[in-house]
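One structure is given below, encoded as structure tokens.
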Amino acid sequence: MSEVTRRGVMAGTAVLGGAAVGLAAQGLTAPAALAAPRAGAAPSPGPVTVGPEDARYPSLTRRGTNARFVGKPDYVRVVSSTEQVVGAVQQAVREGRRIAVRSGGHCFENFVDDPSVRALIDLSSLSAVSYDARRRAFAVEPGALLGEVYRKLFLGWGVAIPAGATPEVGVGGHVLGGGYGMLSRRHGLSVDHLYGVEVVVVDRSGKARSVVATREPDDPHRDLWWAHTGGGGGNFGVVTRYWFRDPAATGSDPSQLLPRPPASVLSFYASWQWKDLDRRAFTRLLGNHGSWHEENSAPDSAYAGLFSVLMVGSRKAGSISLVGHLDSTGAGAERLVDAYVAAVGRGVGAQPTVGRESRPWLQAAANVQETAPASFKAKSAYLRKRYTDRQIGVLHDHMAGKAGAQTDGSLWLVSYGGKVNTVAPDATAVAQRDSILKAIYLAGWDEGRDEPGPRLAWVRDVYRDVYADSGGVPVPGAVSDGSFVNYPDVDFTDPALNTSGVPWSTLYYKHNYPRLQRIKAQWDPRDTFRHDLSIRPAT
């Protein structure tokens, strides 16, 4: 496999991987080395307060993935314990400073880097992964990157969380929105395995404290746990610890309390050149892909172990690529992958360049790619069924260069469904439980070199035109089912871009929003934790 192709395969496992900021993955080889700090160990360092005059300030305020946004808080508080988070929140509340929190730094909008944010709490030092024998669950701190989590859980106990496909993403915000990834079609979402959370909240009097909430039926704080199973970040408080355990697991053997990933996966790619595709061929390709997912996204499908991305680059990009992994190896896996690629390409006419390679699971899941921040705009949608022919025609016109325009924009169609869709839509805060694909519309540029205006206009135009039948947004219906809160889009609040009459809260949370509002009113009555798309407290 060529290096260019290998990068394509890895990019396909990292939704928005080209816009991700990487940090070196860390891993140890023995469970004992991964355990919680022993009694009598040195106290956590910090907290550290970094102001604008400090040499560390630019490094801490420019950690965000999206280079469109750079915050200028009065200070950044680097914390390394729950107690320090309580203190940092309390100080900010006492001083009347607007708070934002950063773990991995992958927020797509300016919720962290908003000019009104005066106190930024940095959780990157809270990165421990351990087994909590008392709760029979794995404790993961919010600053841990997914690649680190996969490495430590797998090498220590042979288990994994079915979370994201971008190793550089921090656990903190990813889980809160219902993170998904390579193992999700077989094992569900990360929040389907969330046992509990430790959260720093602020009561009506302005007092900060930490609270533990679990999914236990008799837990008086259970609603707070539920809100963190897809309610999104920046809404209720600061999560300082997550606990994970498969809800069906029994016993106390940690190696049996979370899903066990495969020893290896079969990575593959297939790439069609734009020069070989006309409108008919493009329509057939996208139609085939969507129809295949309609027919092969049941939880008992032979393809339950599939994770793939159809990366529909514009004509300027040169190609359309299908990349991904299947979590099994050998002749059976090769036959399944070959059949999948053949089904997507059937009747297209153009022949793709194809390749495949067996890789150890950990290498595929935790391989961190160091990349520089980029400016981008992303929009998303859930698909219950394949795009309509009208929608595919719209996509062709924009991707092929409508009216002669050329763009670097793209559409990524990410595999979904499987075990995800076996969970009731109100069992967690993730309401979308019968979709087969996630669509991500992207436009990126380099700050200072490219003009963002045309690129922003392109991604907004294609999105509006694809969903023209429902007011320019993916209103829940026969084909669409709203949008993914972890890919936030403030355009939903713009009446010129959302003419559907359906509010942003319904697009993200559907029928779960009123319950989230009640929980918000109970646990954050002062609206201390807020941003442009934060949950509004029930009145």
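Values in this text are rule-based calculations from the coordinates and carry no lab data. Everything quoted here is computed from the prediction, not taken from an experiment. Please note: Cβ atoms are built from the backbone with ideal geometry, for glycine as well, and neighbour counts cover all protein chains shown.
Which angle from 0 to 90°, rounded to the nearest 10, does the C-alpha axis of helix 452-466 make with the longest principal axis of the chain?
Roughly 70 degrees between the two axes.
Only Cα pairs under 8 Å and at least 6 apart count here; give the relative contact order of the chain as a rounded whole percent.
This gives 17 percent for the chain.
How about region 405-468: which trypsin sites (Lys or Arg not before Pro) there lie in a loop by DSSP and see at most 13 other Cβ atoms within 10 Å?
Here the sparse-neighbourhood loop sites are ARG449.
Give the residue from SER59, VAL140, ALA521 lying farthest towards the positive end of the charge dipole for the chain; charges sit on Cβ (+1 for Lys and Arg, -1 for Asp and Glu) and the dipole is referred to the Cα centre.
Farthest towards the positive pole: ALA521.
Among the lysines, which fall within straight-line cross-link reach of LYS275, defined as a Cα-Cα distance under 25 Å, with same-chain neighbours fewer than 8 residues apart omitted?
Once the sequence-local lysines are set aside, what remains near LYS275 is LYS316, LYS402.
For region 214-289, with only Lys/Arg (+1) and Asp/Glu (-1) charged at the beta-carbon, what is the dipole magnitude about the Cα centre, in debye rounded to 20?
Using only the charged Cβ atoms, the result is roughly 500 debye.
Of (i) 310; (ii) 148; (iii) 265, which one was derived for volume of the Cα convex hull per residue in Å³ from the structure shown?
Recomputing volume of the Cα convex hull per residue in Å³ here picks out (ii).
Within region 255-346, which trypsin sites (Lys or Arg not before Pro) sit in a loop by DSSP and count at most 16 neighbouring Cβ atoms inside 10 Å?
The qualifying sites are ARG346.
To the nearest 20 debye, what charge dipole does the chain have about its Cα centre, counting +1 at the Cβ of each Lys and Arg and -1 at the Cβ of each Asp and Glu?
In debye, rounded to 20, the chain gives about 220.
Calculate how steeply helix 331-345 sits against the longest principal axis of the alpha-carbon atoms of the chain, using the helix alpha-carbon long axis, and give the answer as 0 to 90 degrees to the nearest 10.
Tilt of helix 331-345: around 60 degrees.
Would region 136-199 count as rounded, prolate or oblate if I go by the C-alpha gyration tensor, calling it rounded below 1.5 in a/c and otherwise prolate when a/b exceeds b/c, oblate otherwise?
Verdict is rounded for region 136-199.
Just want the answer: with Cβ charges of +1 for Lys and Arg and -1 for Asp and Glu, which residue in SER297, THR388, LEU326 is farthest toward the dipole's positive end in region 264-510?
It is THR388.
How do HIS221, HIS325 rank when sorted from fewest to most other Cβ atoms within 10 Å of their own Cβ?
Least crowded to most crowded, the residues run HIS221, HIS325.
Return the loop-located trypsin sites (Lys or Arg not before Pro) in region 108-164 (DSSP other than H, G, I, E, B) with at most 12 other Cβ atoms within 10 Å of their own Cβ; answer none if there are none.
Sites meeting the loop and neighbour criteria: ARG134.
Between 0 and 90 degrees, rounded to the nearest ten: what's the tilt of helix 389-400 against the longest Cα principal axis of the chain?
It works out to around 90 degrees.
Any lysines with Cα under 29 Å of the LYS152 Cα? List them, leaving off those in the same chain fewer than 8 positions away.
Once the sequence-local lysines are set aside, what remains near LYS152 is LYS419, LYS438.
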